[in-house]
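As structure tokens, the structure follows; a few thoughts come after it.
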Amino acid sequence: MPVEFISAVHTDSGASGPAAASRTGFDRDHLRRYARALDDGGFDHTLVAYHSASPDAFQIAQFVATHTERIRPILAHRPGVVFPTHASRALATLDRISDGRLTVHIISGGSDEEQRREGDYLNKAERYERSDEYIQILRKVWQSDGPVSHEGKYFRFEGYYSDVKPVNGLIPISVGGSSQDAYRVGGQQGDIFGLWGEPLKETAEQIAAVNAVADAAGRPHPRIWVSFRPIIAATDELAWEKAHRTLGVLKDQASNTELLRHYRTTGRPANVGSQRLLDIADRGEVHDRCLWTAPAVATNAAGASTALVGSPEAVAKALLDYVDIGCDLLSIRGYDPLNDAIDYARHVLPLVRQELAHRAAGAHAA
């Protein structure tokens with residue numbers, strides 16, 4: 001499979017802070033401009049994130065699909081919010097609207113506090129079990145030529161059938177996380193597995209863990225998605241100056257309780273991915289070529305938060321290091337989302353693709 005690039009849409013022009021935390025509303029014109037910039041800039045996918053306080057992800061994904069030509073929305077979806085029979089039909093409908101461009105990213109939920117905001121009181125292990133069952137139901141409904149019944153631990157229904165089916169028969173399923181539960185569900189069920197940006201050694205270890213589960217299940221290895229927040233400028237020195245200015249903004253936002261009131265969770269993060277990022281930051285601020293952990297500390301690792309800092313050439317080389325260990329989906333979105341996406345499209349994507357084309361030509365010649 002070719003190496004592909006992922007971004008993430010933002011629903012209002014103020015969305016420049018950690019993860020989804022600074023999204024405070026919906027600006028239709030900004031979202032249209034953002035989606036078209038990604039489409040025109042050559043990104044292959046864009047994440048439509050989910051949070052209990054954010055605009056509805058299903059509707060945002062539909063908006064993106066209808067205002068673009070080629071970019072593939074990756075819809076983040078919580079199994080505890082929508083019953084799987086309804087979700088199977090809604091997702092298939094959205095896939096039809098997008099002409100087969102949809103991917104579904106299953107988020108089991110890393111924070112009990114956030115899950116309970118929407119009435120989900122299962123513990124983490126149970127949430128991953130439910131996700132496993134949920135994915136199986138989605139695929140069963142999409143592939144069925146007749147009524148489907150199901151009796152499992154978390155869901156029960158009889159005689160369900162949907163007239164609407166995905167364009168290509170199935171919709172790709174993405175799973176993410178850094179826990180053993182995540183590796184298990186991702187390895188057994190995922191077409192794609194998502195990781196946050198850790199050092200190369202730790203990333204390779206996580207890929208091996210997911211692939212081992214897939215091997216045991218007799219499944220193909222999931223494609224690996226790795227996420228960063230690159231900070232680029234004309235030179236490495238200017239990029240680091242920009243990085244420290246960005247860090248100051250993140251610290252100011254993190255101290256703004258009004259801005260984060262719906263998104264804040266208390267204390268050390270409950271999810272393993274955030275804990276890992278903070279532990280890596282404790283071991284050092286810069287890893288490998290240019291992986292910077294200070295933003296993770298400033299945001300309490302609220303989502304994908306580590307940065308790659310440097311010139312476009314330095315960041316492109318760092319991304320290629322991850323390709324070399326098995327990552328073929330590169331998620332890059334910035335702390336100044338729209339402007340950064342435009343800069344990445346102009347200065348980073350072409351460098352990575354040129355190097356990959358050069359490698360492919362060399363391999364063909366050999």
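Just a few scattered comments:
- Largest accessible area first, the listed residues Arg28, Arg72 line up as Arg28, Arg72 when surface is computed with a 1.4 Å probe on the assembled protein chains.
- Cα-centre dipole for the chain with unit charges at Cβ (Lys and Arg positive, Asp and Glu negative), debye to 20: 440
- Sparsely packed loop sites in the range 133-200 (the trypsin sites (Lys or Arg not before Pro) outside DSSP H, G, I, E and B with at most 14 other Cβ atoms within 10 Å) comprise Lys153.
- Extension gain, Leu170-Arg245: 0.36 nm per intervening residue step, less the Cα-Cα distance, totals 22.6 nm.
- Tensor-based shape of the range 100-258 (alpha-carbon gyration tensor, a/c under 1.5 rounded, otherwise prolate or oblate): prolate
- Exposure rank, largest accessible area first [Tyr134, Tyr161; 1.4 Å]: Tyr161, Tyr134
- Taking other residues whose beta carbon is less than 15 angstrom from the beta carbon of Leu122, and scoring Lys, Arg as +1 and Asp, Glu as -1, yields -3.
- The chain, relative contact order [Cα under 8 Å, separation at least 6], %: 19
- Charges were assigned to the Cβ only: +1 to each Lys and Arg, -1 to each Asp and Glu. The resulting dipole of the range 123-212 about its Cα centre is roughly 60 debye.
- Per residue, the accessible area of the chain comes to 42 Å² when a 1.4 Å probe rolls over the protein heavy atoms.
- Protein-only accessible surface order, largest first, of Arg359, Arg289, Arg219 at 1.4 Å: Arg289, Arg359, Arg219
- For the range 97-162, the gyration tensor built on C-alpha atoms gives an oblate shape. Its axis ratio a/c (a ≥ b ≥ c) is at least 1.5, and a/b is not larger than b/c.
- Between Leu356 and Ala216, the modelled labels are 3.1 nm apart [label points 7 Å from Cα along Cα→Cβ].
- Neighbourhood charge, 11 Å Cβ-Cβ cut-off, centred on His347 and excluding it, Lys, Arg +1 and Asp, Glu -1: -2
- Of (1) 22.2; (2) 20.9; (3) 25.7, the label for Kirkwood radius over Cα pairs in Å derived from the coordinates: (2)
- Net length available on complete extension from Asp99 to Ala204 is 34.4 nm, with 0.36 nm assigned per residue and the Cα-Cα distance removed.
- Residue (of Trp142, Tyr121, Ile107) at the positive-pole extreme of the range 107-157, dipole from beta-carbon charges: Trp142
- Pairs of Lys in the chain closer than 19 Å at Cα, counting only those 8 or more apart or on different chains: 5
- The trypsin sites (Lys or Arg not before Pro) of the range 55-98 that meet both conditions, a loop assignment by DSSP and at most 16 other Cβ atoms within 10 Å of the site Cβ, are Arg70.
- Between the residues Thr299, Pro79, Gly177, the greatest Cα displacement towards the positive end of the dipole of the chain, with unit charges on the Cβ of Lys, Arg, Asp and Glu, is found for Pro79.
- Just the protein heavy atoms count here, and of the accessible area of the chain at 1.4 Å, carbon and sulfur take up 49 percent.
- Prolate/oblate/rounded call for the range 74-113, Cα gyration tensor, a/c under 1.5 rounded: oblate
- Only helices enter the 222 nm calculation for the chain: every DSSP H run of n ≥ 4 contributes -39,500 (n - 2.57), and dividing by all residues gives -14500 deg cm²/dmol, rounded to 500.
The values are calculated or read from the model by the stated rules, or taken from the named source; none is laboratory data. Worth saying up front: this structure is predicted, and the values here are computed from it rather than measured. Counting neighbours? That spans all protein chains shown, and the Cβs are built from the backbone with ideal geometry, glycine included. Ligands, DNA and RNA are excluded from the accessible area calculation, which covers all protein heavy atoms including side chains. Shrake-Rupley method; radii C 1.70, N 1.55, O 1.52, S 1.80 Å.
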